[in-house]
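Below: one structure, written as C-alpha cells.
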Amino acid sequence: MTAACLGRKPSGALRLALAAVLLLAPATPVGLLAATTQRVVTDWHTGLGLYGFDPVAYFSDAQPQLGRPDLEYGFAGVVWRFHSEGNRAAFIARPDVYLPRFGGYDPVGIIRGVATPGHPEQWLIVDGQLFLFHSAADRAQFAANPREIIAAAEAKWPEVESPLVP
C-alpha cells in the first residue's frame, strides 16, 4: 500500500523523486491528464486490449474468455491475449474481423459524443461485428434498436475519435 493510502506523508526520497518528475515533465494541462488517449480501449496497467479477454472467443465460443499470457500478439499498438492457439491464428489472419468496433468504445456513449470504454463482459455481435458497452443499460438500449444506434455512432465516431491519440 502506498503512503498516501495509509494516510502518511511520503518519505524524503519519494518526495524528491516526485518533485524531479514534476520539474522535468513537460507542462500538461490538467484536463488532458484525465482524457482518454487511445483509439483502442487498453488496460493502462497491463497494455492489454479487451483487458486480457480473447477477441476471437466472442465469435467462436459465443462468450468472453480470458486469454493466456503465453498466447499474445501485438496489433494496433495493443497486446491481445488468446484462449487458444487457433484463436490467435484466426486473429493474426484477419484482425479486422475480430477487433471490437469503435476500438471497444461504447456506441451509445459515442452518440453522446463521449469515448466511454466498453466492458468486455457487456457485449453483442451484430452483423458480424463485436460491440462493447459501458453498462448493461447501454447494452439494452443498443439491443432494442442496434442498426439505428450503429448508424448514429458511425456518423458521430470521426468527431469522437479525432482527439484520441493513435
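The C-beta contact set for segment 143-156 (first residue over 15 Å from Phe102 (Cα atoms), second residue surrounded by 13 or more Cβ atoms within 10 Å (Cβ to Cβ), distance under 7 angstrom, 6+ apart or interchain) comprises Ala143/Leu124.
Exactly one residue out of Ala143, Ala89, Ala115, Ala93 is over 18 Å from Arg39 (Cβ atoms) and not assigned by TED's automatic domain parsing to the domain that holds His45: that is Ala143.
The combined condition, being farther than 24 Å from Pro163 by Cβ and among the aliphatic types (A, V, I, L, M), is fulfilled by Ala57.
Only one entry in Val114, Val126, Val78 is closer than 20 Å to Thr42 by Cβ and either out of contact with any Gly (no Cβ under 6 Å at 6 or more places or on another chain) or at pLDDT 95 or above (or both), namely Val114. Figure legend. Inter-residue proximity from segment 46-65: first residues free of Cβ contacts under 8 Å to residues at least 12 places away in the same chain and more than 15 Å from Gly103 (Cβ to Cβ), second residues among the hydrophobic types (A, V, I, L, M, F, W, C) and buried (at least 19 other Cβ atoms within 10 Å of the Cβ), beta-carbon distance below 8 Å, spacing 6+ or different chains. Indicated pairs: Gln63/Ala57. Scanning segment 144-161 for residues that are closer than 23 Å to Tyr51 by Cα and surrounded by fewer than 16 Cβ atoms within 10 Å (Cβ to Cβ) turns up just one, Glu161. Among the criteria (1) part of a loop (DSSP other than H, G, I, E, B); (2) at pLDDT 95 or above; (3) of a type in the set (D, E, K, R), the one Arg39 does not fulfil is (2). Does any residue of segment 80-101 turn out to be within 13 Å of the chain's Cα centre (by Cα) and over 15 Å from Tyr58 (Cβ atoms)? No, segment 80-101 has no match at all.
Within segment 72-130, take every residue that is out of contact with any Phe, Trp or Tyr (no Cβ under 9 Å at 6 or more places or on another chain) and hydrophobic (A, V, I, L, M, F, W, C) and give me the one that is nearest to Ile149 (Cα to Cα). Ranking the candidates gives Ile111 first.
The values are calculated or read from the model by the stated rules, or taken from the named source; none is laboratory data. All figures in this text were calculated on a predicted structure; none of them were measured in a lab. Cβ coordinates were reconstructed from backbone atoms using ideal geometry, including for glycine residues, and neighbour counts include every protein chain displayed.
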